[in-house]
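The next block holds one structure in the form of structure tokens; read it before the comments.
The values are calculated or read from the model by the stated rules, or taken from the named source; none is laboratory data. Computed from a predicted model, the values in this text were never measured in an experiment. Reconstructed Cβ throughout: ideal geometry from the backbone, glycine too, with neighbour counts over all protein chains shown. For accessibility, only protein heavy atoms count, side chains too; no ligands or nucleic acids. Shrake-Rupley method; radii C 1.70, N 1.55, O 1.52, S 1.80 Å.
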Amino acid sequence: MRDILVLCPQERDIVAIRAAGLEGRYRVRYEGSDLDQLDAFEPEPFLEHAETLPADGVIGTKDLSALLASIVAEPRGLPGPTPQSILALQHKPTSRDVQRLVAPESTPKFCLLDDGIPCDPPFFAKPVVGRLSQNAYRIDDLSELSKLHEADRYTNRYAEIAAIAGGDPARVHGFIGEELLSGDEVTLEGYVHGSSVVTIGVTDSVKYEGTFSFERFDYPSRLSEERQAELSDIAARILPALGFEGGFFNVEFFVPTAGPAQIIEVNGRIASQFAPLVQALHGRSTYDALFELACGDDPKWETGLPDGVAVSYVMRVFEDAYVEAVPDPDDNLEVLARPGLALSAQGTNDAQSYRLAILYESGTTRDEAVAKARERVAGLNFRLAPVPVR
């Protein structure tokens, strides 16, 4: 039985690993806590300890933990992406430069928002290193640049880890401006093993009407097979060019009605929120494939569109509130809000909304799966009150 080291797991990881029966096939060691929940973290002592633990494979499922896993795996000769390739994916200007070389038709115009401000509005501003659309804004007038603000704890923590991986910590600060895009928003998930770039599937991202906040993710995508093949071709060019091998990735796209798909970003990690969708329809978890990759094996994923539709539904509110009570834990339900705190003081949220919960449903049709999800959301007992004035 082989040893798998899971660094800084989120609760979702543990649920997915157990649902896939992987604890019966591997000796799974969970080391550390979800970094999004920690106010303080010292990477060097953590890494020194992790390097002493038995492991045939090391994984992390968020940007920071994936980078940590690569730092632990490389000097031990374990399979997985190199720290250099992870840094190249996660640093948006570097990733965009590579995309522009190998997939120019699908790379949006972009610029670094330095002192010269070389972009003319309107454009979308994002941190050069970020996550979950946090601190990303549409800029219609240059005066709005004054509202840009980094997620200081995240960015500073990333800089520390990047330095250990051989990166320049100064490069993780700042913003990138990108041209505005439109079309259907989708995510292609897959993995790279040797010279093969394998697509698992494509998931549709659906936003709350009139917002930038995701309401749900529908798998499989409505896109035609031809369009999905186009996305796979783009991914097959980008990932090798970034030096990425031996791990899961996902690529977010805008797909317009006409013209080539446009890359939003490339992530060098599993799309953990989609794992229950894939398992519900394929009968196999992406975590199963992730573990095999981490040990250097070919997951031999059988591609093809599944029957039915599965949905990951995000319950949100668009105003801050004090959380008085939350529902009890349940199957296929992630409760993200904690009682006794304002929503703005907890969790990871975008610029417009606050996440309360994520739930998973499936059905024979998309309409059926979405209706089941919305019905379940309506029955969740979150008790919210106005934020107390101090």
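Quick notes on this structure:
- Neighbourhood net charge (9 Å Cβ-Cβ; Lys/Arg +1, Asp/Glu -1) for Tyr26: 0
- Net charge, Asp140 excluded, C-beta distance under 15 Å - Lys, Arg +1, Asp, Glu -1: -3
- For GluC sites (Glu not before Pro), the sites in segment 176-210 that DSSP calls loop and that have at most 11 other Cβ atoms within 10 Å are Glu209.
- Positive-end extreme of charge dipole, the chain - chosen from Leu188, Val72, Tyr30 (charges on Cβ): Tyr30
- The 3J(HN,Hα) values that the Karplus relation (6.51, -1.76, 1.60; θ = phi - 60°) gives for segment 57-67 are, in residue order, x, 10, 9, x, 10, 10, 4, 5, 5, 5, 5 Hz. Gly and Pro appear as x.
- Close amide-amide hydrogen proximity is noted between Lys207 and Glu215, each under 5 Å apart and 5 or more residues distant or on a separate chain (H modeled in the peptide plane; Pro and chain starts excluded).
- Residue-wise HN-Hα coupling along segment 76-90, computed from phi with Karplus coefficients 6.51, -1.76, 1.60 (Hz; x: Gly, Pro): 8, x, 7, x, x, x, 6, x, 5, 5, 5, 4, 5, 5, 7
- His149, His193, His173, reordered so the largest accessible area comes first (probe 1.4 Å): His149, His173, His193
- The H on the amide N of Ala342, modeled in the peptide plane, is under 5 Å from the matching H of Val323, each at least 5 residues off or on a different chain.
- Net charge dipole, the chain: roughly 300 debye, given to the nearest 20, about the Cα centre with Cβ charges of +1 for Lys and Arg and -1 for Asp and Glu.
- Among (1) 27, 58, 15, 0; (2) 26, 48, 23, 3; (3) 27, 62, 11, the entry derived from the coordinates for P(r) over Cα pairs in 20 Å bins from 0, in percent: (3)
- Counting only lysines at least 8 places from Lys92 when in the same chain, those with an alpha carbon closer than 26 Å to its own are Lys62, Lys109, Lys126, Lys147, Lys207.
- For segment 322-390: rounded, prolate or oblate by the Cα gyration tensor [a/c cutoff 1.5]: prolate
- Selection of GluC sites (Glu not before Pro), segment 22-60, meeting DSSP coil and at most 15 other Cβ within 10 Å: Glu51
- Relative contact order (%) - the chain, alpha-carbon pairs under 8 angstrom, separation at least six: 16
- Accessible area per residue for the chain, computed on protein heavy atoms with a 1.4 Å probe, is 44 Å².
- Apportionment of accessible area to carbon and sulfur, the chain, percent (1.4 Å): 48
- Annotation for segment 70-164: trypsin sites (Lys or Arg not before Pro) lying in DSSP loop with at most 15 further Cβ atoms inside 10 Å of their Cβ are Lys109.
- Note on segment 96-175: dipole from Cβ charges, positive end direction compared against His149, Gly174, Ile164; the farthest Cα belongs to Ile164.
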